[in-house]
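Report on one structure; see the data block that follows.
The values are calculated or read from the model by the stated rules, or taken from the named source; none is laboratory data. Model, not experiment: these values are computed from the prediction. FYI the Cβ positions are ideal-geometry reconstructions off the backbone, even for glycines, and counts take in every protein chain you see. Protein only, heavy atoms only, side chains kept; ligands, DNA and RNA dropped before computing areas. Shrake-Rupley method; radii C 1.70, N 1.55, O 1.52, S 1.80 Å.
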Amino acid sequence: MKEILVAGGGIGGLAVALALALKGRRVRVLEKAAEFGEIGYGIQMGPNVSRVLERLGVLEAIESHAFFPDALIFADAIDNREITRIAVGKFFRQRYGHRYFVVHRRDLHGEILKACRHRGEIALETSRGVTGFEERADAVLVRCENGAEYEGAAFVGAEGLRSPTRQAVIGDGAPRVAGHFVYRGVVPMDQITDRSRAEAMTIWGGPDLHLVQYRLRGGTVMNNVATIVSRRFRQGAENAGAPDELEEMFSRAHPHVREMLRYVSRERNWVLHDRDPATNWTQGRVTLLGDAAHPTLQYLAQGAQMAIEDAVVLADKVAAAGENFEPAFQAYQRERMNRSARVVLSSRFFGEVLHVDGGARELRNELLRGRDPENCWEADWLYKGI
């Protein structure tokens, strides 16, 4: 059997390579960068993805780097009062079968990469940015920036938000700029002055701003994420999302919340993007995966999780269909499309609810205070997974 080609050596690309290898398929991963690696900070891992990582044989290794919070807390950034929480202990694990944990993206990526390197079915190539593909009768020819060409039985585009394969398959142009700007920082725990919520993952939501804090790497460091919905961006003004706008927008926050801004770096920020859900991301023997197919905002913490779920569903469909890749990819797409679309649209909605002000803030807080911390039924559709 010919090998399957995968563009992109990030979390999604490596996960699908591993999933296919576990089904006995040969896979070649073509990574644009000079080496395999992951850029980023912390990532939250719900039980839906733990189930999939267990199938891939990497959950135990990834959990060795993780921190397991005892609760997911939502607090008001203006008055610093806790509004609600999801207890993620005994009852949560009984409900979903796995614990909720947080991990550094590099540790997650590194363990999946290590598992791929231990599989003889997987070839990993760097400095192989894909520029295009050509479908043939029973194969796909993939071309790279350095002139290299590869022929495979099928091709999966997993190059992320600005996937060139997406443009060849869908052709919908640039992603949507949300205008949400993110600042991040990871600091040793001994630098954290207030540890009253150190055992939890806490998010403080306020008017066009929020701050997230949770521990990483076995609890030795604290991950800090500050986000603003830039008013300058909405107005078309210059310096949208700049550090001075961060400070200006957090000036309304409670002093405790403002004080935590010292843990985030001002050297760089990230602007969030997503896309409207697509109705097709497959063309013959070519399909998309992860952010290349359905990029989402951060507000359900499910971007990487959706890519990992994609990986096992795709591998299952390929294994069931043999060499009939077009129906396999169509079946994969059908199974993933509505779930990923719900994540994309729900993430937008939660981003709105998180950042409201005035009467909407009062209503949000009142409704959330009525929740039962031990019964997170509203997350069943997400955490019960595939």
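Observations on the model:
Per-residue answers, yes or no, for (1) open to solvent by 30 Å² or more (accessible area, probe 1.4 Å); (2) farther than 21 Å from MET45 by Cα; (3) touching a residue at least 24 places away in the same chain (Cβ under 8 Å):
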| residue | (1), (2), (3) |
| --- | --- |
| ALA301 | no, no, yes |
| ASP310 | no, no, yes |
| PHE325 | no, yes, yes |
| PHE329 | no, yes, yes |
| ASN338 | yes, no, no |
| ARG361 | yes, yes, yes |
| LEU367 | yes, yes, no |
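- Test: GLY13 is in contact with a strand residue (DSSP E or B) (Cβ under 8 Å, 6 or more places away or on another chain) and part of a helix (DSSP H, G or I): yes
- Some residue of segment 82-89 being out of contact with any Phe, Trp or Tyr (no Cβ under 7 Å at 6 or more places or on another chain), more than 27 Å from LEU14 (Cα to Cα) and modelled with pLDDT under 95: yes
- Residue satisfying all of: in segment 290-299; closer than 20 Å to GLY157 by Cβ and under 11 Å from the mean Cα position of the chain (by Cα); surrounded by the fewest Cβ atoms within 10 Å (Cβ to Cβ) among these: PRO295
- Hits in segment 135-167 - residues which are under 19 Å from PHE36 (Cβ atoms), in a loop (DSSP other than H, G, I, E, B) and either open to solvent by less than 50 Å² (accessible area, probe 1.4 Å) or touching a residue at least 24 places away in the same chain (Cβ under 8 Å) (or both): GLU145, ALA148, ALA158, GLU159, GLY160, LEU161, SER163
- Residues in segment 312-323 that are in a helix (DSSP H, G or I), farther than 16 Å from VAL286 by Cβ, open to solvent by 10 Å² or more (accessible area, probe 1.4 Å) and not acidic (Asp, Glu): ALA319, ALA320.
- Candidate set from segment 238-268 (those that are open to solvent by less than 50 Å² (accessible area, probe 1.4 Å) and assigned to a loop (DSSP other than H, G, I, E, B)); member that is nearest to LEU209 (Cα to Cα): ALA253
- Test: residue in segment 93-103 that is closer than 26 Å to PHE250 by Cα and either open to solvent by less than 40 Å² (accessible area, probe 1.4 Å) or in contact (Cβ under 8 Å) with a residue 40 or more places away in the chain (or both): yes
- Search result, residues across segment 202-237 that are open to solvent by 30 Å² or more (accessible area, probe 1.4 Å), hydrophobic (A, V, I, L, M, F, W, C) and within 19 Å of GLY351 (Cβ to Cβ): ILE203, PHE233
- Hey, PRO277 open to solvent by less than 30 Å² (accessible area, probe 1.4 Å) and within 23 Å of GLY157 (Cα to Cα) or not: no
- Note on segment 168-220: among residues that are without any contact (Cβ under 8 Å) to a residue 40 or more places away in the chain and in a strand (DSSP E or B), the one that is farthest from ALA278 (Cα to Cα) is PRO188.
- The condition (being surrounded by 18 or more Cβ atoms within 10 Å (Cβ to Cβ) and either in contact (Cβ under 8 Å) with a residue 24 or more places away in the chain or in a strand (DSSP E or B) (or both)) is satisfied by just one residue among ILE39, ILE43: ILE43.
- Some residue of segment 286-296 being among the aliphatic types (A, V, I, L, M), part of a strand (DSSP E or B) and touching a helix residue (DSSP H, G or I) at 6+ places or on another chain (Cβ under 7 Å): yes
- Here is the figure for segment 76-90: residues that are in a strand (DSSP E or B) and either under 25 Å from the mean Cα position of the chain (by Cα) or surrounded by fewer than 18 Cβ atoms within 10 Å (Cβ to Cβ) (or both) total 6.
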